[in-house]
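Student: I have a structure I would like to understand better, so I am pasting it below and will then ask my questions one at a time.
The values are calculated or read from the model by the stated rules, or taken from the named source; none is laboratory data. For clarity, every value in this text was computed on a predicted model and none was experimentally measured. Cβ: placed from backbone, ideal geometry, glycine included. Neighbour counts: every protein chain shown. Note: accessible area is taken over every heavy atom of the protein model, side chains too, but ligands, DNA and RNA are not part of it. Shrake-Rupley method; radii C 1.70, N 1.55, O 1.52, S 1.80 Å.
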Amino acid sequence: VDVGGVDGALVVDTGGGELYVDRVRGDCKLFTRGGDVRVGQVEGSLECTSGAGRITVGTVHGEAVLATEGGDIVATEVGGQVRAQTRAGGIHIARAGGAVTATSGGGRILVDAANGVVIARNVAGPVEVGAAASVECESGAGGVQIGNILGSMQVSTRMGSILADLLGGKPADSFLASGDGDITVLIPSNVGVTIRAESEMADTIRRIVSEFPGIPVRRQGAQIVAEGPVNGGGPLLRISATQGTIFIKRQR
(Lines give C-alpha, C1' and ligand atoms only; values in the text may rest on other atoms or scores of the structure.)
Protein backbone atom coordinates (compact mmCIF):
# COMPACT_ATOMS: atom_id res chain seq x y z
CA VAL A 1 0.00 0.00 0.00
CA ASP A 2 1.38 3.41 -1.04
CA VAL A 3 -0.60 6.49 -0.02
CA GLY A 4 0.42 10.14 -0.23
CA GLY A 5 -1.19 13.57 -0.09
CA VAL A 6 -4.28 12.89 2.03
CA ASP A 7 -6.17 16.05 3.01
CA GLY A 8 -7.69 14.61 6.20
CA ALA A 9 -7.62 11.48 8.34
CA LEU A 10 -6.37 8.13 7.05
CA VAL A 11 -7.01 4.53 8.15
CA VAL A 12 -5.27 1.57 6.48
CA ASP A 13 -5.78 -2.08 7.53
CA THR A 14 -4.11 -4.83 5.52
CA GLY A 15 -3.53 -8.53 6.05
CA GLY A 16 0.10 -8.31 4.96
CA GLY A 17 2.59 -6.29 2.97
CA GLU A 18 4.54 -3.07 3.20
CA LEU A 19 2.88 0.25 3.95
CA TYR A 20 4.20 3.63 2.83
CA VAL A 21 2.32 6.77 3.87
CA ASP A 22 3.30 10.43 3.47
CA ARG A 23 1.77 13.93 3.65
CA VAL A 24 -1.30 13.14 5.76
CA ARG A 25 -3.03 16.26 7.09
CA GLY A 26 -5.08 14.54 9.79
CA ASP A 27 -4.77 11.62 12.17
CA CYS A 28 -3.35 8.40 10.77
CA LYS A 29 -4.00 4.77 11.78
CA LEU A 30 -2.03 1.97 10.12
CA PHE A 31 -2.37 -1.78 10.70
CA THR A 32 -0.59 -4.62 8.94
CA ARG A 33 -0.27 -8.22 10.04
CA GLY A 34 3.13 -8.58 8.41
CA GLY A 35 5.36 -6.05 6.72
CA ASP A 36 7.49 -2.94 7.14
CA VAL A 37 5.79 0.41 7.66
CA ARG A 38 7.27 3.72 6.50
CA VAL A 39 5.68 7.04 7.41
CA GLY A 40 6.85 10.39 6.03
CA GLN A 41 4.87 13.32 7.47
CA VAL A 42 1.66 13.25 9.50
CA GLU A 43 0.14 16.52 10.74
CA GLY A 44 -2.11 14.79 13.29
CA SER A 45 -1.46 11.83 15.56
CA LEU A 46 -0.18 8.43 14.43
CA GLU A 47 -1.10 4.92 15.49
CA CYS A 48 0.90 2.19 13.80
CA THR A 49 0.87 -1.58 14.40
CA SER A 50 2.71 -4.33 12.53
CA GLY A 51 2.57 -8.05 13.18
CA ALA A 52 6.16 -8.45 12.00
CA GLY A 53 8.13 -5.63 10.48
CA ARG A 54 10.18 -2.50 10.91
CA ILE A 55 8.46 0.84 11.62
CA THR A 56 10.15 4.01 10.35
CA VAL A 57 8.62 7.42 11.04
CA GLY A 58 9.72 10.84 9.79
CA THR A 59 7.69 13.69 11.31
CA VAL A 60 4.49 13.45 13.36
CA HIS A 61 3.00 16.69 14.72
CA GLY A 62 0.84 14.95 17.33
CA GLU A 63 1.45 11.91 19.51
CA ALA A 64 2.61 8.54 18.22
CA VAL A 65 1.77 4.97 19.27
CA LEU A 66 4.07 2.46 17.57
CA ALA A 67 4.04 -1.31 18.06
CA THR A 68 5.56 -4.29 16.26
CA GLU A 69 5.91 -7.95 17.16
CA GLY A 70 9.27 -8.30 15.45
CA GLY A 71 11.29 -5.37 14.14
CA ASP A 72 12.99 -2.08 14.92
CA ILE A 73 11.14 1.18 15.58
CA VAL A 74 12.74 4.45 14.45
CA ALA A 75 11.11 7.89 14.80
CA THR A 76 12.85 11.12 13.82
CA GLU A 77 10.52 13.76 15.28
CA VAL A 78 7.26 13.52 17.21
CA GLY A 79 5.54 16.65 18.49
CA GLY A 80 3.73 14.93 21.37
CA GLN A 81 4.24 11.89 23.53
CA VAL A 82 5.54 8.59 22.17
CA ARG A 83 4.67 5.02 23.10
CA ALA A 84 6.83 2.44 21.36
CA GLN A 85 6.89 -1.32 21.89
CA THR A 86 8.70 -4.14 20.11
CA ARG A 87 9.09 -7.75 21.18
CA ALA A 88 12.27 -8.35 19.19
CA GLY A 89 14.01 -5.21 18.00
CA GLY A 90 15.52 -1.88 18.89
CA ILE A 91 13.88 1.50 19.47
CA HIS A 92 15.33 4.87 18.44
CA ILE A 93 13.40 8.06 19.19
CA ALA A 94 15.39 11.09 18.02
CA ARG A 95 13.17 13.92 19.31
CA ALA A 96 9.90 13.90 21.21
CA GLY A 97 7.88 16.90 22.35
CA GLY A 98 6.40 14.96 25.26
CA ALA A 99 6.97 11.88 27.36
CA VAL A 100 8.40 8.67 25.90
CA THR A 101 7.51 5.13 26.96
CA ALA A 102 9.70 2.52 25.26
CA THR A 103 9.58 -1.25 25.79
CA SER A 104 11.78 -3.82 24.06
CA GLY A 105 12.15 -7.56 24.47
CA GLY A 106 15.70 -7.61 23.16
CA GLY A 107 17.22 -4.61 21.43
CA ARG A 108 18.82 -1.25 22.09
CA ILE A 109 16.59 1.56 23.33
CA LEU A 110 17.91 5.03 22.41
CA VAL A 111 16.13 8.31 23.15
CA ASP A 112 18.14 11.32 22.01
CA ALA A 113 15.91 14.04 23.47
CA ALA A 114 12.48 14.14 25.08
CA ASN A 115 10.56 17.08 26.53
CA GLY A 116 9.07 14.87 29.25
CA VAL A 117 9.74 11.78 31.32
CA VAL A 118 11.38 8.81 29.60
CA ILE A 119 10.20 5.40 30.81
CA ALA A 120 12.27 2.56 29.37
CA ARG A 121 11.88 -1.18 29.95
CA ASN A 122 14.33 -3.53 28.27
CA VAL A 123 14.43 -7.29 28.84
CA ALA A 124 17.79 -7.95 27.19
CA GLY A 125 19.48 -4.89 25.78
CA PRO A 126 21.11 -1.53 26.58
CA VAL A 127 19.34 1.77 27.18
CA GLU A 128 20.63 5.26 26.38
CA VAL A 129 18.89 8.58 27.10
CA GLY A 130 20.57 11.75 25.89
CA ALA A 131 18.25 14.36 27.40
CA ALA A 132 14.91 14.27 29.22
CA ALA A 133 12.86 15.88 31.97
CA SER A 134 13.34 12.75 34.09
CA VAL A 135 14.00 9.07 33.53
CA GLU A 136 12.70 5.74 34.83
CA CYS A 137 14.63 2.79 33.46
CA GLU A 138 14.79 -0.96 34.05
CA SER A 139 17.09 -3.32 32.16
CA GLY A 140 17.35 -7.04 32.67
CA ALA A 141 20.61 -7.63 30.83
CA GLY A 142 22.16 -4.49 29.43
CA GLY A 143 23.98 -1.33 30.35
CA VAL A 144 22.32 2.05 30.90
CA GLN A 145 23.73 5.45 29.89
CA ILE A 146 21.93 8.68 30.79
CA GLY A 147 22.83 12.35 30.64
CA ASN A 148 21.36 15.85 30.71
CA ILE A 149 18.40 14.81 32.86
CA LEU A 150 16.58 17.80 34.35
CA GLY A 151 14.82 15.89 37.14
CA SER A 152 14.91 12.56 38.91
CA MET A 153 16.66 9.39 37.76
CA GLN A 154 15.31 5.99 38.79
CA VAL A 155 17.57 3.43 37.12
CA SER A 156 18.15 -0.27 37.76
CA THR A 157 19.80 -3.09 35.84
CA ARG A 158 20.33 -6.71 36.89
CA MET A 159 23.30 -7.34 34.57
CA GLY A 160 25.05 -4.29 33.20
CA SER A 161 26.86 -1.09 34.06
CA ILE A 162 25.35 2.37 34.58
CA LEU A 163 26.85 5.68 33.44
CA ALA A 164 25.04 8.81 34.68
CA ASP A 165 26.23 12.27 33.64
CA LEU A 166 24.56 15.01 35.71
CA LEU A 167 24.75 17.64 32.97
CA GLY A 168 21.12 18.68 33.41
CA GLY A 169 22.03 21.00 36.25
CA LYS A 170 18.71 20.56 38.13
CA PRO A 171 18.78 17.15 39.79
CA ALA A 172 16.05 15.73 42.00
CA ASP A 173 16.16 12.81 44.44
CA SER A 174 17.41 9.83 42.43
CA PHE A 175 18.34 6.16 42.68
CA LEU A 176 20.86 4.10 40.67
CA ALA A 177 21.24 0.35 41.23
CA SER A 178 23.15 -2.44 39.47
CA GLY A 179 23.19 -6.12 40.37
CA ASP A 180 26.23 -7.17 38.32
CA GLY A 181 28.00 -4.14 36.90
CA ASP A 182 29.83 -0.92 37.71
CA ILE A 183 28.13 2.42 38.34
CA THR A 184 29.85 5.65 37.25
CA VAL A 185 28.47 9.08 38.16
CA LEU A 186 29.94 12.23 36.59
CA ILE A 187 29.19 15.42 38.55
CA PRO A 188 29.87 18.90 37.10
CA SER A 189 31.14 21.68 39.34
CA ASN A 190 27.82 23.59 39.14
CA VAL A 191 25.64 20.70 40.37
CA GLY A 192 25.10 20.14 44.09
CA VAL A 193 23.94 16.74 45.35
CA THR A 194 24.19 14.63 48.47
CA ILE A 195 25.62 11.16 47.87
CA ARG A 196 24.68 7.97 49.70
CA ALA A 197 26.51 5.05 48.11
CA GLU A 198 26.54 1.38 49.19
CA SER A 199 28.43 -1.62 47.83
CA GLU A 200 27.51 -5.15 48.90
CA MET A 201 31.02 -6.39 47.99
CA ALA A 202 33.24 -5.69 51.00
CA ASP A 203 36.33 -7.52 49.74
CA THR A 204 38.14 -4.18 49.33
CA ILE A 205 37.42 -0.57 50.27
CA ARG A 206 38.12 0.28 46.62
CA ARG A 207 34.62 -0.93 45.74
CA ILE A 208 33.72 2.76 45.98
CA VAL A 209 36.08 5.26 44.38
CA SER A 210 35.36 8.94 45.09
CA GLU A 211 37.14 11.96 43.63
CA PHE A 212 35.47 14.25 46.18
CA PRO A 213 37.10 14.64 49.62
CA GLY A 214 33.69 15.42 51.15
CA ILE A 215 32.56 11.86 50.43
CA PRO A 216 34.74 9.60 52.58
CA VAL A 217 34.66 5.87 51.88
CA ARG A 218 34.52 3.47 54.80
CA ARG A 219 33.69 -0.09 55.73
CA GLN A 220 30.40 -0.55 57.58
CA GLY A 221 29.74 -4.14 58.60
CA ALA A 222 29.43 -6.25 55.45
CA GLN A 223 29.22 -3.18 53.19
CA ILE A 224 31.41 -0.43 51.79
CA VAL A 225 29.65 2.93 52.12
CA ALA A 226 30.26 6.55 51.20
CA GLU A 227 28.14 9.53 52.21
CA GLY A 228 28.44 13.27 51.96
CA PRO A 229 27.70 16.49 50.07
CA VAL A 230 29.11 17.43 46.67
CA ASN A 231 29.38 21.10 45.66
CA GLY A 232 27.52 22.19 48.79
CA GLY A 233 24.99 19.34 48.77
CA GLY A 234 21.49 19.11 47.36
CA PRO A 235 18.98 16.42 46.38
CA LEU A 236 19.77 12.88 47.53
CA LEU A 237 21.44 10.56 45.04
CA ARG A 238 21.39 6.95 46.28
CA ILE A 239 23.74 4.50 44.57
CA SER A 240 23.65 0.74 45.17
CA ALA A 241 25.93 -1.91 43.64
CA THR A 242 25.78 -5.61 44.48
CA GLN A 243 28.89 -6.94 42.73
CA GLY A 244 30.42 -4.06 40.81
CA THR A 245 32.39 -0.92 41.68
CA ILE A 246 30.97 2.58 42.22
CA PHE A 247 32.90 5.50 40.73
CA ILE A 248 31.97 9.05 41.80
CA LYS A 249 33.88 11.39 39.48
CA ARG A 250 34.25 15.05 38.61
CA GLN A 251 32.81 15.90 35.22
CA ARG A 252 35.70 17.34 33.22
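Student: Can you pull out the residues in segment 195-214 that are buried (at least 19 other Cβ atoms within 10 Å of the Cβ) and within 18 Å of residue 231 (Cβ to Cβ)?
Tutor: First pass over segment 195-214, keeping only residues buried (at least 19 other Cβ atoms within 10 Å of the Cβ): 195, 197-199, 207-208, 210.
The answer is 195, 197, 210.
Student: Residues to consider are 173, 182; find the one that is acidic (Asp, Glu) and under 18 Å from residue 244 (Cβ atoms).
Tutor: Working: 173 fails: under 18 Å from residue 244 (Cβ atoms).
Unique residue meeting the criteria: 182.
Student: Mind listing just one residue for me: the one in segment 3-19 that is in contact with an Asp or Glu (Cβ under 6 Å, 6 or more places away or on another chain) and surrounded by fewer than 15 Cβ atoms within 10 Å (Cβ to Cβ) and, of those, modelled with the highest pLDDT?
Tutor: First, the residues of segment 3-19 that are in contact with an Asp or Glu (Cβ under 6 Å, 6 or more places away or on another chain): 4, 9, 18.
Subsequent filtering for residues that are surrounded by fewer than 15 Cβ atoms within 10 Å (Cβ to Cβ) retains 4, 9.
On the way: 4: 89, 9: 96.
Once the filter is applied, the top-ranked residue is 9.
Student: Would you kindly identify the strands (runs of 3 or more DSSP E) lying entirely within segment 50-93 that contain at least 2 residues that are more than 18 Å from the chain's Cα centre (by Cα) and of a type outside the set (Lys, Arg)?
Tutor: Values: elements: 55-60, 64-68, 73-78, 82-86.
It comes to 55-60.
Student: Residues of segment 79-106 being open to solvent by less than 10 Å² (accessible area, probe 1.4 Å) and over 17 Å from residue 131 (Cβ atoms), which ones?
Tutor: Within segment 79-106, 84, 86, 89, 104 meet the criteria.
Student: Continuing with the same structure: For segment 113-136, give me the residue count where each residue is under 13 Å from residue 156 (Cα atoms), of a type in the set (A, V, I, L, M, F, W, C) and open to solvent by less than 30 Å² (accessible area, probe 1.4 Å).
Tutor: The qualifying residues number 3.
Student: Right, something else. Going residue by residue through segment 207-215, is there one that turns out to be of a type in the set (A, V, I, L, M) and touching a Ser or Thr at 6+ places or on another chain (Cβ under 9 Å)?
Tutor: The answer is yes; a qualifying residue exists.
Student: Criterion first (surrounded by fewer than 20 Cβ atoms within 10 Å (Cβ to Cβ) and hydroxyl-bearing (Ser, Thr, Tyr)) does residue 76 satisfy it?
Tutor: Details: surrounded by fewer than 20 Cβ atoms within 10 Å (Cβ to Cβ): yes; hydroxyl-bearing (Ser, Thr, Tyr): yes.
Judged against the criteria, residue 76 is a match.
Residue-by-condition table, conditions (1) under 18 Å from residue 93 (Cβ atoms); (2) of a type outside the set (A, V, I, L, M):
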site	(1), (2)
11	no, no
18	no, yes
41	yes, yes
52	no, no
60	yes, no
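Student: Report, by residue number, each residue of segment 229-252 that is in a strand (DSSP E or B) and either within 14 Å of residue 166 (Cα to Cα) or out of contact with any Ser or Thr (no Cβ under 7 Å at 6 or more places or on another chain) (or both).
Tutor: Start the filter on segment 229-252 by keeping residues that are in a strand (DSSP E or B), which leaves 229-230, 236-241, 246-250.
Within segment 229-252, 230, 236, 237, 238, 239, 240, 247, 248, 249, 250 qualify.
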